[in-house]
Amino acid sequence: MMRWFLVFMLVAQVVAADVVTPTRTLRPGTLITLQDLTIRDGQQMGAFDRITDVAGQEARVALYAGRPIPFEAVGPPAIVNRNQIVPLSYQASGLRITTEGRAMERGGVGDRIRIMNLQSRATLFGLVQADGTIKVTQ
């Protein structure tokens, strides 16, 4: 009996949930402000339910007015742009290598992006750091 009550409560919470939606269509790369967002009644799993979690983020895909914003549709604002020359850093076993590379895609702090080492022309992956450098991971 108690188990069914818990299932009912979980389902009731999903049905009665609020979702964050844009007030206007936002193009990819747009920095999202508080004025761009509103709360609506809805029931979508995997979508934001607090405006403060979305404000200040960057749209990764087109966000349409009135539609819930999925978690993967926004991220930290990009600080590295595609084709930008960026410093690369690699550290392992006390060895530190630094060089320059070309970003193959946009990325914000913590994003894993593809980069090309300008000297070897090898394609690598790295994490975008707060100072704009890329920490090579592979």
Karplus 3J(HN,Hα) series, Hz, for region 33-44 with 6.51 cos²θ - 1.76 cosθ + 1.60 (x for Gly, Pro): 10, 4, 5, 7, 10, 8, 9, 10, 5, x, 8, 10
Stokes-Einstein diffusion coefficient of the chain, Kirkwood radius over Cα pairs, 4 °C, 1.567 mPa s, in µm²/s: 75
Mean residue ellipticity (222 nm) of the chain, computed from DSSP H runs ≥ 4 via -39,500 (n - 2.57), nearest 500: -3500 deg cm²/dmol
Derived scalar couplings ³J(HN,Hα) [region 89-106; Karplus, 6.51 cos²θ - 1.76 cosθ + 1.60; whole Hz; x for Gly, Pro]: 9, 10, 9, 6, 6, x, 8, 10, 10, 10, 7, 10, x, 10, 6, 8, 7, 6
Helix axis angle, 2-15 relative to the chain longest principal axis, alpha carbon, degrees: 70
Phi-based couplings in Hz for region 63-75 (Karplus 6.51, -1.76, 1.60; Gly and Pro marked x): 10, 9, 3, x, 9, x, 9, x, 4, 7, 7, 10, x
Long-range amide H partners of residue 49 with built H, under 5 Å: 20
Distant-in-sequence amide H partners of residue 74 (H built 1.01 Å from N, under 5 Å): 60
Taking the convex hull of Cα positions in region 56-120, its mean projected area over all directions (nm²): 5.9
At most 10 other Cβ within 10 Å, DSSP loop - trypsin sites (Lys or Arg not before Pro), region 60-110: none
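Every number here is computed from the coordinates shown, using simple stated rules; none is lab data. The model shown is predicted, which means the values in this text are computed figures rather than measured ones. Reconstructed Cβ throughout: ideal geometry from the backbone, glycine too, with neighbour counts over all protein chains shown.
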